[in-house]
Structure formats: structure tokens, C-alpha cells
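The values are calculated or read from the model by the stated rules, or taken from the named source; none is laboratory data. A quick note: this is a predicted structure, and the numbers were derived from the prediction, not measured. Virtual Cβ from ideal backbone geometry, glycine too; neighbours counted across all protein chains shown. Note: accessible area is taken over every heavy atom of the protein model, side chains too, but ligands, DNA and RNA are not part of it. Shrake-Rupley method; radii C 1.70, N 1.55, O 1.52, S 1.80 Å.
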Amino acid sequence: MSKIIDQYRVTKEPYYHSVTDEVKLYEAAYSVRMPMMLKGPTGCGKTRFVEYMAWRLKKPLITVACNEDMTASDLVGRFLLDANGTRWQDGPLTVAARYGAICYLDEVVEARQDTTVVIHPLTDNRRVLPLEKKGELIQAHADFQIVISYNPGYQSLMKDLKQSTKQRFGALDFNYPSHDIESEIVAHESGVSHEIAEKLVSIAERARNLKGHGLDEGISTRMLIYAGSLIANKVEAHAACRVALVRPITDDPDMRDALDAAVSTFFN
């Protein structure tokens, strides 16, 4: 068992800057094994927060990047053929439930709804996982918890969680940090000076004001760290911002010009 689960332990403390009371609230939720839902824009720190909490609580963390092709078998497990015939291979959700890890389903709305319903028996008082193909009923380990995340900005009638799923979770809202905190994060993670980090955050704030007015999504904290890392590695600031901030988020020539102008305002 230890060999199976040890690979999922977070052995080094991830850098995470608390914004409000999310750490305290998550610890309280974990103490009663409440399933948790993290809601916020892409690149704002949801995944890093889960990694930090797994480290803080000293629990293994199994992360699943959800996608539209993911089946229930991808989560739960399947029979495989090998030289000796067939053998059962646990999926990540089953491993987490069996051995007591935190199972993190990242961007869960990307998965088909008929796939996500397999988590329902684990998210109420039953805390069980039926392996129908194997004829086994797993009682979740006492340390098991399930966490999901998604970006409400991408909600649609076709891509949203069912109410029957949502109401099984507690929820924490995430957003981009305040200017000072985000600058500190960017400086710490990328290695640039605080002055340059503040300029990058200011560019992002201007871009975020354009969300819904030509941009589908604003510049994320993750993208700022990418830009800062390039600058810290002697890439000229305009070029770093063009590669890491402007070109990834839009193909519209006018919008690119507007964002390039914002970069020039702070890096003249």
C-alpha cells in the first residue's frame, strides 16, 4: 500500500499566499471530510491551493485533469489484458478512496455528466464507491476527500454541473489576488524584482477589464509568472510580455495592439 500511495505525497511545501480565510475554512471542511468545490478563473491559484493544503494536512494528493473524452472507467478502473490473462487496474478515484488520498478533479465540467455521477456515492453520508465491473463495493478510507474545481466563466447550458452534483459540495470562491499580493506572488515565483512584478500585474489588471469586451478571459497570475520568468532570464520585457501575455489570449489584431500598448505604457 505505501508504495502505491507514497508517490502522491506532496513532500515539499508549495508556495501559497493566503488571500482571505480559505486555508482555515478548508481545514475545517477536511476535518469533517466535506467534499469541496473550488470556483474561479483559470490560473488564479486553485490547483496550487489544493497542493498546499495536501502538504499542510500531510495527505496524498491524486490529481485528475478532466476532459470531454474521460469515461467512468478512466476514473474508477478497468480490466486489462496481460500475459497471465486479465487483471483489474484501479483508476485514480479508486486509488484515492481505497488508500485515503485527496482526489482533485480539475476542471470537472469538462467531463461528461454521465462520468461525473460516479462520484455521487462518495459525496454523501454513504462514502462508498461501487466497482460494478468488478463486483466490489469500496468503503472510502477515513482520510479520503474529494475536491473539484471549475471556471464559472465558462458555464453554459451544455457545460455546467448538475444541481444534484453541486449540492453535495461546500464551495470556495477564488479570484485574482489584490494588486500587492499578486505582485508578491509574481516576484517570488518568477524571480523578478518587486518593481517589475508590479508592472506586470498592472498590465494584467488592464487586460482583465477587457473581459467580455473583446477578451474571453483575462491575463492570469500563471501567465504573469511565465512573463516574469522570461524577464528574469534576460528576455527583453516587451518580448516576454508579447510571448507570455498577449499572444496566448487573443488572435484579434486590434486587441493585440491594445494589449501591446498597455505593455508599452509600463515598459517604455
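Between region 69-95 and region 212-268, what is the C-alpha centre distance in whole Å? Taking the Cα centre of each part, region 69-95 and region 212-268 sit 42 Å apart. Contact order, relative form, for the chain: 19 percent (alpha carbon pairs under 8 Å, 6 or more residues apart, mean separation divided by residue count). Long hydrophobic helices in the chain: the complete DSSP H runs spanning 18 Å or more by Cα along their own axis with mean Kyte-Doolittle hydropathy of at least -0.5 are 194-208, 253-266. Using every pair of distinct Cα positions in region 14-133, the Kirkwood expression returns a hydrodynamic radius of 15.7 angstrom.
Take each peptide in 82-89, 173-180, count the other Cβ atoms within 10 Å of every residue, and average; sorted highest first, the result is 173-180, 82-89.
Which percent of the accessible heavy-atom area of the chain goes to carbon and sulfur, probe 1.4 angstrom? Roughly 50 percent, rounded to a whole number.
In region 1-72 the Cα-Cα distances spread across 10 Å bins starting at 0 as 16, 46, 32, 6 percent of all pairs.
Find which of 264, 11, 246 sits farthest along the positive direction of the dipole of the chain, computed with +1 on the beta-carbon of Lys and Arg, -1 on that of Asp and Glu, about the Cα centre. Most positive-ward Cα: 11. Averaged per residue, region 1-121 has 48 square angstrom of accessible surface, using a 1.4 angstrom probe with ligands and nucleic acids left out.
Of all beta bridges that DSSP places with both ends in the chain, some 35 percent have antiparallel geometry. In this structure, residue 137 and residue 166 have a Cβ-Cβ separation that, at R0 = 35 Å, corresponds to a calculated FRET efficiency of about 0.90. Beta-bridge orientation, region 81-160: approximately 60 percent antiparallel, per DSSP, counting only bridges with both partners inside. Using bins of 5 Å that start at zero, the share of Cα-Cα pairs per bin across the chain amounts to 1, 6, 12, 14, 15, 14, 12, 10, 8, 5, 3, 1, 0, 0, in whole %.
Relative to the Cα centre, the charge distribution of the chain, modelled as +1 at Lys and Arg Cβ and -1 at Asp and Glu Cβ, gives a dipole magnitude of about 1000 debye.
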